[in-house]
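Here's the structure we're looking at; comments come further down.
Rule-based calculations on the coordinates, nothing more; no lab input. Not measured: the values here are computed from a predicted model. Quick reminder, even Gly has a Cβ in these numbers, built from the backbone with ideal geometry, and neighbours come from all protein chains shown.
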Amino acid sequence: MMKHRQLSRIIATFASILFVVLAAALVFAIVTNSGASASRTVSVVVAFGMIASFAAVVICGIVNSRRRKRSLRKLKSSIEAIRDGAQQTHVSTIEDDELMDLREAIDDARKVLTDRLEQLVADHAQVIAIIKSMVEGVVAIDKKGRVMLMNDPACEILGVRSRWDRSKKLGEITRVREIVEILESALGTGEAIEGEFTLPWSPRNRSIEMQASVLRGRIGEVIGAVVVLHEVSALRLAEEVRREFVANVSHELKTPLTVIRGIVETVVDDPEMPGDLRAKFMRKVITQTDRLSALVTDVLTLSKIEGDSQEPVDREIIDLRRGMKESIAYWVDRARDKGIDMRFDLPDVEVKVRADYELIREALDNLISNAIKYTPASGKVTITLQQSGGSAVMTVSDSGIGIAKDQQARVFERFYRVDKARSRELGGTGLGLSIVKHIAISLGGSIRLVSELGAGSSFIISLPIAA
């Protein structure tokens with residue numbers, strides 16, 4: 001640019017010198033000549049001056065025109081680069097001083113646009129990162145139903161590959177009609193809509209809750225719709241278990257209450273009832289009352305254990321042998337009275353776990369009680385404790401009636417009884433094994449069953465050894 005400015009100055013200087021020379025020549029011609037000769041000389045000088053001036057003007061015009069064209073081409077290139085998103089640091093330097101203001105305005109606009117574009121890119125990346133990190137499924141479509149966005153949880157729920165054809169509509173890439181219908185409804189009504197469906201191909205009856213709403217542009221126009229997918233299978237299962245639990249508790253409470261009411265009404269309606277018969281009825285009332293008390297106690301125990309498992313309680317380190325010895329001492333006489341040989345095998349060294357005696361006693365009492373109940377006279381019950389790897393293993397085995405394989409998976413369910421009539425006759429509530437299972441889980445352990453119909457059962461509790 002400096003070269004062009006110097007050339008302009010040279011041409012201007014040349015024109016000034018030429019003007020001075022011509023003026024001097026004109027004066028000299030007038031002074032030294034006279035008449036027609038002076039007139040011709042003046043005409044020649046004027047003509048030459050005009051030609052020289054015109055030539056200088058033309059040269060200056062050509063130089064300025066080329067300079068302006070080059071400046072305009074650079075401005076155009078810079079504007080096109082900004083349009084195409086090129087990451088340039090500034091607008092190209094131009095040679096035309098008159099276009100410098102325009103160049104500076106374009107450069108300022110470039111800086112503003114670059115800052116806004118960088119912010120938009122950062123915001124977009126942040127939104128995408130948030131959506132991808134969500135555990136809920138998210139699906140967004142445009143007004144024509146084409147998928148704009150679908151995160152990995154949504155792909156897994158809808159059975160769609162993570163790389164889908166973006167030119168296709170949602171209904172063309174998934175078999176779940178419910179999600180297509182709820183998005184179409186949201187687009188049609190412009191309102192938020194909720195729904196729920198069960199995956200048709202899921203073996204676990206997965207329940208999915210949907211919440212759909214429209215996407216709006218800057219001026220409020222509808223540009224698409226989005227749906228968020230929440231898996232609520234665990235919640236629905238918990239609700240079903242709760243309903244079954246309430247129904248079972250109601251049934252278990254109703255039976256003894258009905259018996260008690262019937263006996264009381266019978267005794268009240270017959271004041272002359274013989275004393276021995278009245279005593280027999282009262283013993284039945286006591287039996288049913290004990291059954292009610294045991295049921296309520298087991299329900300409260302189960303509720304407390306489940307509450308502790310959801311809100312962990314600090315446990316103390318105890319020696320398992322102590323709790324086992326107390327349970328064995330409590331049940332050994334009852335086993336002997338029934339003619340059952342009760343044996344135990346405990347190690348000589350301490351077996352320490354993080355637990356509490358009450359829970360250990362509760363679990364063992366339930367297992368030993370069941371073993372004695374379902375083992376006939378002259379049978380055998382064995383209680384053992386041993387360390388295996390990093391676990392303490394308690395085993396209660398019996399030589400009783402055993403459990404069929406098709407029923408073993410359900411024996412730890414609430415109120416499940418292998419033989420309902422026999423269980424009620426023996427005073428069982430149907431909650432004992434469920435309590436044992438929840439105790440083992442709350443202490444960070446597990447329980448399993450090994451049984452053969454007619455050959456007895458073994459219940460094995462494993463608890464982690466305390467560090």
### Task
Note down the nm distance, to one decimal, between modelled labels 7 Å out along Cα→Cβ at Asp101 and at Lys169.
5.6
### Query
Reachable aspartates and glutamates from Lys380, Cα under 16 Å, same-chain residues fewer than 8 places away excluded?
Asp333, Asp337, Asp341, Asp345, Asp398, Glu452
### Simple Cβ-charge dipole of the range 134-231, Lys/Arg +1 and Asp/Glu -1, about Cα centre, in debye nearest 20
500
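Rounded, prolate or oblate, given the Cα gyration tensor of the range 234-311, with a/c below 1.5 counting as rounded? Each step should come with its number before you reach the end.
Values: a/c = 6.24, a/b = 2.68, b/c = 2.33.
It comes out prolate by the Cα gyration axes.
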### Task
In whole Hz, with x marking every Gly and Pro, tabulate ³J(HN,Hα) for the range 180-196 from phi via Karplus 6.51 cos²θ - 1.76 cosθ + 1.60, θ = phi - 60°.
5, 5, 5, 5, 5, 5, 5, 5, x, 9, x, 10, 6, 9, 10, x, 8
## Note on the structure
Zone reached by a paramagnetic label modelled 7 Å from Ser378 Cα along Cα→Cβ, restricted to the range 324-345 with backbone N below 14 Å, covers 339-341
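DSSP loop GluC sites (Glu not before Pro) in the range 314-372 with at most 13 other Cβ atoms within 10 Å of their Cβ, which ones?
Working: sites: Glu316, Glu326, Glu350, Glu358, Glu362; in loops: Glu350.
Loop-located and lightly packed - Glu350.
Between Arg315 and Phe245, what is the FRET efficiency for a Förster distance of 30 Å, r being their Cβ-Cβ separation, to the nearest 0.05?
Values: r = 27 Å, r/R0 = 0.89.
Between Arg315 and Phe245 the formula returns 0.65.
Calculate the FRET efficiency for Ala129 and Arg448 from the Cβ-Cβ distance with a Förster distance of 41 Å, rounded to the nearest 0.05. All intermediate terms of the calculation are to be shown ahead of the outcome.
On the way: r = 43 Å, r/R0 = 1.06.
It comes to 0.40.
Give, rounded to the nearest 20 debye, the magnitude of the charge dipole that the range 310-359 has about its Cα centre when Lys and Arg contribute +1 at Cβ and Asp and Glu contribute -1 at Cβ. It would help to have the intermediate numbers written out before the result.
Working: 10 positive and 13 negative charges, 49 e Å.
So the magnitude is around 240 debye.
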### Query
How would you classify the range 134-231 from its alpha-carbon gyration tensor, with a ≥ b ≥ c the square roots of the eigenvalues: rounded for a/c under 1.5, else prolate if a/b is greater than b/c, otherwise oblate?
prolate
### Task
Using θ = phi - 60° and the Karplus relation 6.51 cos²θ - 1.76 cosθ + 1.60, list the HN-Hα couplings for the range 124-133 in order, rounded to whole Hz, with x at every Gly or Pro.
5, 4, 5, 4, 4, 4, 5, 5, 5, 7
